[in-house]
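The values are calculated or read from the model by the stated rules, or taken from the named source; none is laboratory data. Note that the coordinates shown come from a computational prediction; the quantities given were computed from them, not determined experimentally. No Cβ is skipped: glycine too gets one built from the backbone with ideal geometry, and neighbour counts run over all protein chains shown. We work out accessible area using only protein heavy atoms, side chains counted, and drop any ligands, DNA or RNA first. Shrake-Rupley method; radii C 1.70, N 1.55, O 1.52, S 1.80 Å.
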Amino acid sequence: MKRIGSLLQDRLALLSLFIITSTLLAGIFAPWIAPNDPEEVHMELRFASASWEYLLGNDHLGRCVLSRLIYGIRPSVLGVLAVLAISVGIGTAIGFIAGYFKGKLDALLMRICDIMLSFPGYVMTLGIIGILGVGLQHILLAFVLMKWSWFARIIRTSVMQYADAEYVKFSKTLGIGSLRIIWKHIVPVTVPVIAVTSSSAFSSMVLQLSGYSFLGLGVQAPHAEWGMMLNEAREVMFSRPELLLAPGITTILFVSAVHFFTDALQVALDPKLGSSGRKKQRKGRFQTANLQGSEVA
Amino acid sequence: MSGYIFRRSLLAIPLLLVISFLTFVLNALSPMDPAELVLHAQGVPRITDELITATRTALGMDQPFLIRYLDWLFSCLQLDFGNSYVTGKPVWSMLGPAFLNTLELTILSVVAVIAASIGLGIVCALTEGRWLDKSIRGAAFVLTSMPSYLLAALLVWYFSVKLDWLPTTGKETVQSYILPVSVITISYAGHYFRIVRSAMLMNLNEDYVLFGRACGLPESRITIRLLRNSLQVAVSVFCMAIPIILGSTVVIENLFAWPGLGMLSVKSILSRDFPIIQAYVLVLAAAFVVVNTFSDIINALINPKLRENDL
């Protein structure tokens, strides 16, 4: 709790958390928040600039940009969040089983992970979309298939660090059940790793998803999605560059909020960095955890 | 050492086999009948049941699964990936040139990424905490939070449209390399220079630096030592970066109409040209395994500690 307290004292982290939660809430309550219907076409309002009714103006079909941005949160952010939760869940389960029980099961699970990790993420995602067809749900499925192994590996490593600790051995000798040991002694110490890893994966997945939608492989028209909005804006980029601004800035703002939050989380949760102020500074702000396997959209 | 190289290379073979099998299975998972797809793609006006059966036999679909896999594997080894459903041309005649184009883009970008990361990493580590360090890190922070296609669109808008210095798309002149390579470099160097920087800062706290300073060694010589030690960490990261960049040029290629694998794959996805997708996944995954094997060997050459464990 002390650590979370220190996180809340960090003003930038707090601001990031505010941006993230308000985005999530706006996405969940989109029908109540969005001022207009995101798919309603008004040809007479094509490329109209901001007005009181349409606060961010209208796009090439006269649709309300602000409403589309708000509805776009659903696939762009909430979809990714759901997928993240599923893959972290699978990865955590497998990571704990492999890291705690070790032995042959561990070897088998890790070989499977190795195989999954030996496919480059982008290529595999494209392969899955290619076979199953274009669509958001296939991209999200591909994300789950590709990411769980990565989480499993990282979580297994951190579980292993503690599985041999003296207090775990002691509990085992006392005859306490494995599940109880895992829950009482190993889960609490691995939560920081899981939190930081998933938070840093979150931002890269948001960027990747918007990349696929940008290519026209994800969300299909007329539904709104940030990457697709950017793609639509790009087509009229030379005549109306200002249309790039709204979805572009929103994406940058959200992703950097997640980046900041990840860094703050890492600093707050890393026990090694806890007390010494100097190291805390050195670790610095613009650092993101776990660059391994992170892909840029 | 030669023993390690041998064992590590042997390890790649079963991995490649598994990958080829998975790629084959992936195709079998398709909800559509390949025979029907071929007929559709070739624009046959009326698809009859006899026609489908005939096409299935022509495609070898009536054989058992494993036989089909082995057949397919052997022809793949001879670079025969079948024919495109859409154009009817051999897949390799389309994939090969595209692969070379992507490789060209990747190699140029990797060189640029490494140079930029090391350069920026050193500058930031040496000016740690001062305005130069802070502004470089701040800029990198914004640039890496940006989707790379947005960055690319902004650069195209400025340099190609406003200033009219560089071509917007294609791969014709030397100038057409500049924008794609710089977009990839900015997106990746923005991540990787931090690793060089923090490795250098970590080494800066080591006793040998203090000792060197105490002995009155010139600062430039200390920096060279520092760099040599820090780059060890960076080398393994850069080795990992190569396959990642190779696989993720998709967006950039499509934006700049670069005639590479990324463009080919998206085009085939949209036209449901399975043989090309399958060959694309196989070729890139194989390239990924090969690069990973090499990078493990390079890492082991640099750092003897890695040779003992992990195998």
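Residues of region A:215-244 that are within 10 Å of another protein chain (Cβ to nearest Cβ), of a type in the set (A, V, I, L, M, F, W, C) and either open to solvent by 30 Å² or more (accessible area, probe 1.4 Å) or under 18 Å from the mean Cα position of the chain (by Cα) (or both): A:W226, A:F238.
Only helices (runs of 4 or more DSSP H) whose full extent lies in region B:258-311 are considered here, and the ones with at least 3 residues that are farther than 30 Å from B:Y4 by Cβ, within 9 Å of chain A (Cβ to nearest Cβ) and modelled with pLDDT of 85 or more are B:261-270, B:274-302. Checking each residue in region B:210-227 for being open to solvent by less than 70 Å² (accessible area, probe 1.4 Å), among the small types (G, A, S) and assigned to a helix (DSSP H, G or I) picks out only B:G212.
Can you tell which of A:V168, A:V191 is touching a helix residue (DSSP H, G or I) at 6+ places or on another chain (Cβ under 9 Å), under 21 Å from A:L81 (Cβ atoms) and more than 14 Å from every other protein chain (Cβ to nearest Cβ)?
Numbers: A:V168 fails: under 21 Å from A:L81 (Cβ atoms).
Of the residues listed, the single one that is touching a helix residue (DSSP H, G or I) at 6+ places or on another chain (Cβ under 9 Å), under 21 Å from A:L81 (Cβ atoms) and more than 14 Å from every other protein chain (Cβ to nearest Cβ) is A:V191.
Scoring A:L253 on the criteria (1) in a helix (DSSP H, G or I); (2) more than 18 Å from the chain's Cα centre (by Cα); (3) surrounded by fewer than 20 Cβ atoms within 10 Å (Cβ to Cβ) leaves a single failure, condition (2).
Of the residues making up region A:134-149, those that are within 14 Å of chain B (Cβ to nearest Cβ) and either among the polar types (S, T, N, Q) or open to solvent by 30 Å² or more (accessible area, probe 1.4 Å) (or both) are A:V134, A:Q137, A:H138, A:L141, A:L145, A:S149.
Filtered by the rule that a residue be part of a loop (DSSP other than H, G, I, E, B) and crowded, with 18+ Cβ neighbours inside 10 Å, region A:164-210 gives no residues. The test for being under 17 Å from B:T23 (Cα atoms), among the aliphatic types (A, V, I, L, M) and out of contact with any His (no Cβ under 7 Å at 6 or more places or on another chain) holds for B:L95. Residues of region A:233-250 that are out of contact with any Pro (no Cβ under 9 Å at 6 or more places or on another chain) and part of a helix (DSSP H, G or I): A:R234, A:E235, A:P241, A:E242, A:L243, A:L244, A:L245, A:A246, A:P247, A:I249, A:T250.
For region B:171-207, the tally of residues that are within 11 Å of another protein chain (Cβ to nearest Cβ), touching a residue at least 24 places away in the same chain (Cβ under 8 Å) and not hydroxyl-bearing (S, T, Y) stands at 13.
All conditions but one from (1) in contact (Cβ under 8 Å) with a residue 24 or more places away in the chain; (2) within 14 Å of chain A (Cβ to nearest Cβ) apply to B:D164; the one that does not is (1).
Restricting attention to region A:6-49, the residues that are of a type in the set (A, V, I, L, M, F, W, C) and open to solvent by less than 70 Å² (accessible area, probe 1.4 Å) total 13. Answer yes or no: is there a residue in region B:20-29 that is modelled with pLDDT of 80 or more and of a type in the set (G, A, S). For region B:20-29, residues modelled with pLDDT of 80 or more and of a type in the set (G, A, S): present.
Would you check if B:S230 is open to solvent by less than 10 Å² (accessible area, probe 1.4 Å) and among the polar types (S, T, N, Q)?
Details: open to solvent by less than 10 Å² (accessible area, probe 1.4 Å): yes; among the polar types (S, T, N, Q): yes.
Against the criterion (open to solvent by less than 10 Å² (accessible area, probe 1.4 Å) and among the polar types (S, T, N, Q)), B:S230 qualifies.
Just so you know, in region B:249-268 the residues that are farther than 24 Å from B:L16 by Cβ and either assigned by TED's automatic domain parsing to the domain that holds B:S84 or β-branched (V, I, T) (or both) include one that is surrounded by the most Cβ atoms within 10 Å (Cβ to Cβ), and it is B:V251.
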